[in-house]
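Data first, discussion second: the structure below is written as structure tokens.
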Amino acid sequence: LDTEFTGLHSTSLENNEPSLFDSPAERYVKARQSVQRFTVVQLGLAIFSKENSNKYVVHSYNFFLFPSTLGIRDVEFTLSASSIKFLSHYGFDYNKFLKDGIPYMNEVQEKILRQRLLAGTWKVCSTSNADRDVLKKAIDEVTSWITAAKEEDTMILQDLSGYHVLEVQLVLRQALENVWTEPLGDKEVMVKKVSPEHCRLLENSSYDSCQKKLILLSARGFTNFFQTLVKAKKPLVGHNMFMDLMHLHDKFYRPLPESYEEFKRNIHNLFPVIIDTKTVTKSVQKKCLFPRVSSLLEVYAVLCSSNLNPKGPPCPVIALASGCSRYAEKKSPHEAGYDAFLCGSVLLMSAHLLLCRSTDDAVEADPSFSQYLTVLAEHVNKVNFIRGGVSSINFSGEDVPCHHPPALIVHVQGWPGVTERQIYHEFKACCRFDVRRLLKNQFILLTNQYKQLVLRNYRHHPHLQVSVYRHWRHSPNVNCLLQISGIVALWSVLAFALGGTSNC
């Protein structure tokens, strides 16, 4: 599975950028604010089915999504200019997203709509000029026609699309008590003139295409399919999927909870087996002399082109199904369905390599997927954590802290008013450091890797003194405790001395 969003990290929020200083809970708070501001524009799903030989057939799908506008408060979301430009560069079809996007809602929104349907207080939230024009045109056509029409006469409204087929029917039925409507395919609606009594008999009958349960089903849209995925309990595979999982929770399940631990529990209940190909390929790179590449497409290309396992049986054959062959002919990076196809392919090829490396015995020519899951066990439910206090988030247990190189501490002299940003720019040429102020004239630098030349180059700097951070020596809390302990000890000695003198 893969998703594309209208943005990643909100720049309107202060200190929202990911940092090596972040604990998983701190990063979750940052990411939660961003997920609540942005939305999912496309979701890709690739379903891998094993045939009776060493072959997997893939059905890959793209779903363009747009928040439901029926019966709930109008949904607002933010667009990040860089994200929109990025998707445009890769040919994203914004017309499909805006005009034909499948609606969706989470459980809270569904509850509101259900209550309004039962109370009869629901309404269509079509606020765009284009939507209003479609509805106005339909009402004008019907009101012009109905005055001269006889009972049982019919007319056809044409050139409707997507959600408008339902919206037009609901608006006409609310506005006119003597019309009956029925959809004709995906783009037309039949309007019939009937008596008000006949209309009431037809409403909510088995013939009614606008029954409340059908309205709810339509408004839920993609959420119906999401719930099918949850019930299937199949392994869910993604790449760097922390944000994907947060959007899945927020958009199709429930609004993201404040508690990071509750989020983890909810995701684990929804998807008991999660595999992040980013964590898997990190392991492959270490064990199989794998070139260091970053993007999913680069990983896929290396796995397809190189012979990392010359003695073992060949990797499984991965074939796109007959109706999904476009990806076999053309690369489509950052199209969600294509990236989902890459995720599953990278997983199978990586698992096959790890299986061949994990045993001295000959691997059978047709390994089962359960064998692949066994060799992937250490990576199951471990989702990659980008630049933070842990290397991965464990959705089925405790997060294990990762081991960064020792932090550095910078003592500043003769540079009044210096900021974290200025310190960052000072050191960024040497290495990519994250910076946090410790005291007024002290800053901590943290990185995934640094060179000793940083310490060497700043040994005789006129304003900056750099050394390795030692918690017992540099922590303000430890220093404060030591000072208090020293004062207490001093008073104790004085009290003892003075007490001893008076006794003499």
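The values are calculated or read from the model by the stated rules, or taken from the named source; none is laboratory data. A quick note: this is a predicted structure, and the numbers were derived from the prediction, not measured. A quick note on method: Cβ atoms are made from the backbone with ideal geometry, for glycine too, and the neighbour counts reach across all protein chains shown. Only protein heavy atoms, including side chains, enter the accessible area calculation; ligands, DNA and RNA are left aside. Shrake-Rupley method; radii C 1.70, N 1.55, O 1.52, S 1.80 Å.
The figures follow:
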| item | result |
| --- | --- |
| Length-normalised contact order for the chain - Cα pairs under 8 Å, 6+ apart - percent | 17 |
| Extension gain from S82 to Q227, taking 0.36 nm per residue of separation minus the Cα-Cα distance | 49.0 nm |
| Lysine-lysine proximity count for the range 23-164, Cα under 22 Å, sequence distance 8 or more or distinct chains | 9 |
| DSSP-defined beta bridges in the chain - what % are antiparallel, rounded to 5 | 85 |
| Solvent exposure, largest accessible area first (probe 1.4 Å, DNA, RNA and ligands not counted), of K136, K251, K55 | K136, K55, K251 |
| In Hz, Karplus ³J(HN,Hα) per residue of the range 251-257 (6.51, -1.76, 1.60; θ = phi - 60°; x = Gly, Pro) | 8, 10, 10, 9, x, 4, x |
| Under the Karplus curve 6.51 cos²θ - 1.76 cosθ + 1.60, θ = phi - 60°, whole-Hz ³J(HN,Hα) for the range 192-203, x wherever Gly or Pro sits | 10, 8, 9, 6, x, 5, 4, 4, 5, 5, 6, 4 |
| Net lengthening on full extension, L438/T419 (0.36 nm per residue, minus Cα-Cα) | 5.7 nm |
| Local electrostatic count at N62 - Lys and Arg +1, Asp and Glu -1, tallied over other residues with Cβ under 12 Å | -4 |
| Along each principal axis, Cα extent of the chain, largest first, Å | 119, 71, 47 |
| Cα long-axis angle, helix 277-287 against the chain (0 to 90 degrees, to the nearest 10) | 40 |
| C-alpha center-to-center spacing [the range 199-270, the range 305-346] in angstrom | 29 |
| Gyration tensor (alpha-carbon) shape descriptor, the range 22-71, a/c threshold 1.5 | oblate |
| Global form of the range 32-174, assessed from the alpha-carbon gyration tensor, a/c cut-off 1.5 | prolate |
| Summed side-chain charge close to L117 - residues other than L117 whose Cβ falls under 10 Å, Lys, Arg +1, Asp, Glu -1 | +4 |
| Sequence of L65, L184 from largest to smallest accessible area, 1.4 Å probe | L184, L65 |
| Accessible carbon and sulfur surface of the chain relative to its total accessible area, %, 1.4 Å | 54 |
| The range 408-469: translational diffusion in µm²/s, Stokes-Einstein, Kirkwood Rh over Cα pairs, 20 °C, 1.002 mPa s | 186 |
| Integer Hz, Karplus 6.51/-1.76/1.60 couplings in order for the range 165-175, x for Gly and Pro | 4, 6, 4, 4, 5, 5, 5, 5, 5, 6, 7 |
| Where Y94, Y207 fall by accessible area, highest first, once all protein chains stay in place (1.4 Å) | Y207, Y94 |
| Gyration tensor (alpha-carbon) shape descriptor, the range 375-431, a/c threshold 1.5 | prolate |
| Pair E107, R173: separation of 7 Å Cα→Cβ label points (nm) | 2.9 |
| Rounded to the nearest 10 Å², the accessible area of T11 at probe 1.4 Å | 130 |
| Solvent-accessible area of I386 with every protein chain in place, 1.4 Å probe, in Å² to the nearest 10 | 90 |
| CD proxy at 222 nm, helix term only [per DSSP H run n ≥ 4: -39500 (n - 2.57); per residue of the chain; nearest 500] | -13000 deg cm²/dmol |
| Positive-end extreme of charge dipole, the range 322-418 - chosen from P333, F369, N394 (charges on Cβ) | P333 |
